[in-house]
Amino acid sequence: MASLVVVLNETQDLVNIAGTVRAMRNMGLSRLRLVRPAEFDAYRIAGIAHGSEALLERIEFFDALDDALADAAHVVGTTARRREAAYVWQTPRAAAPEILAATAFGPVALVFGREDKGLSNADLDRCDRLLTIPTDPAASSLNLAQAVLLVTYELRMAAIASTPLPRPRRTAPPATPAQLHEMFDDIEAALAAVDFFKKRNPAAILRTVRAAARRAALDAREAKLFRAMAIEVVKHLDRMKGRA
């Protein structure tokens with residue numbers, strides 16, 4: 001992600017720069033290049049994208065798009081409009097793994113055009129591939145900052161796809177059939193102790209409990225916990241009866 005560079009070409013509205021900065025911070029990007037922005041005020045942007053001062057200090061400014069792309073090993077353009085020319089078209093999700101792989105060879109530029117007309121055909125000719133976000137054809141044009149967020153989100157998701165999710169500090173093997181059977185017996189005893197069944201069908205209720213527990217794929221520790229809860233219900237009621 002550190003090799004991804006967001007390039008905004010001729011942005012017209014400072015608010016969209018601020019929205020882009022916020023999206024970049026959310027997705028872990030820190031390199032932003034601005035080509036001839038119509039307005040720029042770091043103080044106002046920081047007021048919209050809170051905590052972005054460090055990123056704002058690193059923004060690079062350019063007078064021409066070619067200069068902003070000069071060191072890029074790969075250039076990715078974005079557009080909502082389908083063109084007749086034979087470009088390499090992809091959605092952000094489909095392209096994300098390939099884009100990340102390209103960072104091995106140097107910076108990868110993600111280029112976004114101005115709000116009113118996007119990137120020109122000449123701008124798109126500078127791109128190695130084009131991304132189009134699959135929106136409703138009746139309203140295909142996205143807000144600039146929204147487009148940045150969607151593209152960078154897909155890149156982040158691809159980047160973390162191979163990263164394992166947090167695991168519990170302690171693990172246990174799956175509950176054995178014997179452990180589940182003991183748990184079900186104690187749950188049945190607890191339900192009977194609180195007079196849960198009344199005129200209901202105990203067999204049907206317990207069948208549902210067993211099915212739900214098996215869908216949950218309880219491990220041995222979890223089965224032991226639920227069994228202990230059921231046993232304690234019965235013990236508590238016995239103690240209450242002894243005090244009566």
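The values are calculated or read from the model by the stated rules, or taken from the named source; none is laboratory data. No experiment lies behind these values; they were computed from the predicted model shown. Reconstructed Cβ throughout: ideal geometry from the backbone, glycine too, with neighbour counts over all protein chains shown.
Among the listed residues Ala80, Ala64, Ala70, Ala104, identify the single one that is more than 22 Å from Ser3 (Cα to Cα) and among the hydrophobic types (A, V, I, L, M, F, W, C).
Answer to the check: Ala80.
Considering each residue of segment 22-80, count those that are farther than 26 Å from Phe105 by Cα, in a loop (DSSP other than H, G, I, E, B) and hydrophobic (A, V, I, L, M, F, W, C), and give that number.
Here the count works out to 4.
Considering Arg25, Arg36, Arg31, Arg44, which residue is under 20 Å from Ile160 (Cβ atoms) and without any contact (Cβ under 8 Å) to a residue 60 or more places away in the chain?
Working: Arg36 fails: under 20 Å from Ile160 (Cβ atoms); Arg31 fails: without any contact (Cβ under 8 Å) to a residue 60 or more places away in the chain; Arg44 fails: under 20 Å from Ile160 (Cβ atoms).
The conditions single out Arg25.
So Ala138 ticks every box in (1) surrounded by fewer than 17 Cβ atoms within 10 Å (Cβ to Cβ); (2) hydrophobic (A, V, I, L, M, F, W, C); (3) outside the structural domain of Leu100 (by TED's automatic domain parsing); (4) out of contact with any Phe, Trp or Tyr (no Cβ under 8 Å at 6 or more places or on another chain) but one. Which box is left unticked?
(3)
Against the condition within 30 Å of the chain's Cα centre (by Cα) and assigned by TED's automatic domain parsing to the domain that holds Leu34, how does Leu218 come out, does it pass?
Values: within 30 Å of the chain's Cα centre (by Cα): yes; assigned by TED's automatic domain parsing to the domain that holds Leu34: no.
Judged against the criteria, Leu218 is not a match.
Being at pLDDT 95 or above and touching a Phe, Trp or Tyr at 6+ places or on another chain (Cβ under 6 Å), is that true of even one residue in segment 52-61?
No, there is no match, as no residue in segment 52-61 is at pLDDT 95 or above and touching a Phe, Trp or Tyr at 6+ places or on another chain (Cβ under 6 Å).
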